[in-house]
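Everything on this sheet refers to the single structure shown next.
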Amino acid sequence: MPKRGKSYKEAAAKFEKSQLHEVSEAMKLACETSRAKFDETVEVHVKLGVDGRHADQQVRGAIVLPNGTGKSVKVLVFAKGPKAEEAEKAGADYVGAEEMAQKIQTENWFDFDVVVATPDMMGVVGRLGKILGPKGLMPNPKSGTVTMDLEKALAEIKAGKVEYRLDKQNIIHTPIGKSSFGPEKLEENFNALLEAIVKAKPATAKGQYLRSVTVAATMGPGIKINPALIG
């Protein structure tokens, strides 16, 4: 167990660790327990009653949060010709093709947060699967990052689009904004995210779908939300 600092202990003392909260109360606590000297990111952790090892029980998608994420996102676009020009005009931070793939492979370059590609570039991007995949950066049609409509994709990403996907423990970890947003805006973002996750429930999922829902600021304690009050 990591040693907890004084500010963490003071924040954790504000509520009972095992208590299940309503969404509004949880967002209020997330802001109150954000004690760092920087604007902490507030993240949601959702454990689902699915088995992600089976393709028909995968839960993955993306959503534009109503109030954005509060983070400035750098986007790398793999495209050629007119599509490369479209990406540049739409605000992509980096645009290229094989030379970008080589830069990632040879220079271990990762000065970007999201990768978008046109379908015809997936042959090039596919070779980066072992590098981009573990970092959660591989473009995917389900998240809207493999597309011919680069203008739309970039507009959504810059506006605060977040991707949600299962990890190996069948948990989704997604940021919903900054502690400076305040409880109301965080609650709006939370509700939008959870609505999307509930809608994405696989038909083959049995039993309780939302097993546990926790929200926490970067340096703050986890605050449990009552899953029975969601969806």
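The values are calculated or read from the model by the stated rules, or taken from the named source; none is laboratory data. Quantities reported herein were computed from a predicted structural model and do not represent experimental measurements. Note that each Cβ is placed from the backbone with ideal geometry, even for glycine, and that neighbours are counted across all protein chains shown. Please note that ligands, DNA and RNA were not included when accessible areas were found on the heavy atoms of the full protein model with its side chains. Shrake-Rupley method; radii C 1.70, N 1.55, O 1.52, S 1.80 Å.
Taken over the chain, the percentage of Cα pairs per 10 Å bin, counting from 0 up to the bin with the maximum distance, is 8, 29, 31, 23, 8, 1.
Straight-line reach from LYS158: taking Cα to Cα under 17 Å and skipping same-chain neighbours fewer than 8 places apart, the aspartates and glutamates in range are GLU86, GLU88, ASP93, ASP111, ASP113, ASP149.
By accessible area, using a 1.4 Å probe on protein heavy atoms only, the stretch 82-150 has 50% of its surface on carbon and sulfur. The alpha carbon convex hull volume per residue for the stretch 79-163 rounds to 87 Å³.
Ranked from largest, the principal axis spans of the Cα set of the stretch 145-231 equal 38, 38, 23 Å.
Among all stretches of the chain without exposed trypsin sites (Lys or Arg not before Pro) (DSSP loop, at most 16 other Cβ atoms within 10 Å), which one is longest?
Between exposed loop sites, the widest span is 81-126.
At the listed q of 0.12, 0.17, 0.18 Å⁻¹, the Debye profile of the stretch 10-132, built from one uniform point per Cα, gives log10 I(q)/I(0) equal to -0.74, -1.04, -1.08. Running a GNM on the chain with Cα contacts under 10 Å, which residue among ALA90, ALA55, ALA117 ends up with the highest mean-square fluctuation? Taking springs between Cα atoms under 10 Å, the residue moving most is ALA55. Within the accessible surface of the stretch 185-231, defined with a 1.4 Å probe on protein heavy atoms only, the carbon and sulfur portion equals 51 percent.
Applying both filters, DSSP loop and at most 14 other Cβ atoms within 10 Å, to the GluC sites (Glu not before Pro) of the stretch 18-126 gives GLU22. Cβ-Cβ distance of ASN226 and ASN140, R₀ of 41 Å, FRET efficiency by 1/(1 + (r/R0)^6): the value works out to about 0.80.
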